[in-house]
Amino acid sequence: MIVFTVVGSFWLEVFLKVGVLKQFKRVVLAIAPVAFLFIAWDKYAIASGHWYFDKAQILGIFGPFGIPLEEYLFFIVVPIAALMTIEAVRTVKKHWQVYK
């Protein structure tokens, strides 16, 4: 699903030139606090036995707190894709209003 998210939205950076990846500091400041909270929540849920990851559906690479790589990527890729989508709508809307 992460690959589909990348394919489905990262083309906006190239073709519509939304410029999200050029604003690295803003992206980190937007994503890091929320990602930190969700990683902490995952850590708690896993430790409490409320949450687990099916070993058949993960790569088996684990980061801090025993959380799979895919989960960390999810907390990075999906918000970046959302930011790109928002900026793409702004870009298209701005150009569309010029032609009205």
> Can you pull out the residues in segment 1-18 that are hydrophobic (A, V, I, L, M, F, W, C) and more than 25 Å from Leu59 (Cα to Cα)?
Replying inline: Trp11, Leu12, Val14, Phe15, Leu16, Val18
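Enumerate the helices (runs of 4 or more DSSP H) found wholly within segment 1-63, keeping only those where 1 or more residues are exposed (fewer than 14 other Cβ atoms within 10 Å of the Cβ) and modelled with pLDDT under 90.
On the way: elements: 2-9, 11-15, 24-48.
In segment 1-63, the matching helices (runs of 4 or more DSSP H) lie at 2-9, 11-15.
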>> With at negative phi and free of Cβ contacts under 8 Å to residues at least 12 places away in the same chain as the only criterion, which of Pro33, Pro79 stands out?
In response: Pro33
> Can you name the residue in segment 67-88 that is in a helix (DSSP H, G or I) and of a type in the set (Val, Ile, Thr) and is also farthest from the chain's Cα centre (by Cα) among such residues?
Replying inline: Ile86
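The values are calculated or read from the model by the stated rules, or taken from the named source; none is laboratory data. On a predicted model such as this, the values are computed, not experimentally measured, just so you know. All Cβ positions, even for glycine, are placed from backbone atoms using ideal geometry, and neighbour counts span all protein chains on display.
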